[in-house]
Amino acid sequence: MGMTRKLYFMVIVVLFFCTPTVAAQNPSDTLVFFFVTQGKKQLEDKKYKEALESFKRVFALKSAVPDEVAYYYGYALLHLSNFSQSKAALKKYIELQGRNGLLYDKTLEALEEADCKETGYKDAFILCDICFGDSTITIGCRTCKEKGYEVCPLCKGNGVVLSASSFGNTYRTCHRCAGEKIIKCTTCKSSLKETLMCYSCSGKGRKKIRKKCIN
């Protein structure tokens, strides 16, 4: 079995380095590919220490590193019980790739496993008990105090505005409220209600809690 694995890696090296397009690449980039491939194979064989060393060699090359390495590095650390660094690496993958990353779901699973093994608890989400998942709440309008109207901000409730000219001051009917002194509430549009982002869940519709892990 040992000879078979050695032969496997020798074949990779020979084929990879002898490919014309690869031969023209930066030697460091070529080694990155080799060590990443080697590390992934070691993870499949559950050789986590060896895999970790392979990924460390990738970082030591100081060349461009594929984003996926953050996941594999974190996964190796997880199985070596280095939970804090494992979570840091896994979160780095999400930071780099976001929700669209091919390994996003696996990364979340690994993060949950690391959290459970380190603390006995994991993050879980429940429906917000204030907005019930709507993300918003409706309250009585604070601007008009549920009257549906507010004092005209232009004439300050006088119904007329002062116009100064070289001939003196003149008063004319306020064009904003048409002399009515009040206008329709600018916040609720006379509905008497206003909609706000839910203060309890910050508009997410759900809350994060810590839940005990079940072995």
(request) For Gly159, indicate whether it is of a type outside the set (A, V, I, L, M) and touching a residue at least 40 places away in the same chain (Cβ under 8 Å). (result) no
(request) Quick one: count up the residues across the stretch 146-182 that are in a strand (DSSP E or B) and of a type in the set (Asp, Glu). (result) 1
(message) touching a Ser or Thr at 6+ places or on another chain (Cβ under 7 Å), over 30 Å from Glu109 (Cβ atoms) and in a loop (DSSP other than H, G, I, E, B): is that true of Thr187 in this structure?
(response) yes
(message) For the stretch 79-103, give me each residue that is farther than 20 Å from Glu53 by Cβ and among the small types (Gly, Ala, Ser).
(response) Gly98, Gly101
(request) Would you check which residues across the stretch 62-109 are among the hydroxyl-bearing types (Ser, Thr, Tyr), surrounded by fewer than 14 Cβ atoms within 10 Å (Cβ to Cβ) and part of a helix (DSSP H, G or I) and list them? (result) Ser84
(message) Quick test of your reading of the structure: Asp129 fulfils all but one of (1) over 30 Å from Leu80 (Cα atoms); (2) surrounded by 12 or more Cβ atoms within 10 Å (Cβ to Cβ); (3) among the charged types (D, E, K, R). Name the failing condition by number.
(response) (2)
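Rundown of residues vs (1) among the charged types (D, E, K, R); (2) at pLDDT below 95; (3) over 19 Å from the mean Cα position of the chain (by Cα), yes/no style:
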residue: Leu43; (1), (2), (3): no, no, yes
residue: Val69; (1), (2), (3): no, no, yes
residue: Tyr73; (1), (2), (3): no, no, yes
residue: Leu78; (1), (2), (3): no, no, yes
residue: Ala89; (1), (2), (3): no, no, no
residue: Arg99; (1), (2), (3): yes, yes, no
residue: Leu102; (1), (2), (3): no, no, no
residue: Asp105; (1), (2), (3): yes, no, no
residue: Ala110; (1), (2), (3): no, no, no
(message) Being of a type in the set (Gly, Ala, Ser) and under 20 Å from Leu90 (Cα atoms) is the filter here; which residues of the stretch 107-162 pass it?
(response) Ala110, Ala114, Gly120, Ala124
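The values are calculated or read from the model by the stated rules, or taken from the named source; none is laboratory data. Keep in mind the model is a prediction, meaning the values are calculated, not measured. Don't worry about glycine lacking a Cβ; one is built from the backbone with ideal geometry, like all the others, and counts go over all protein chains shown.
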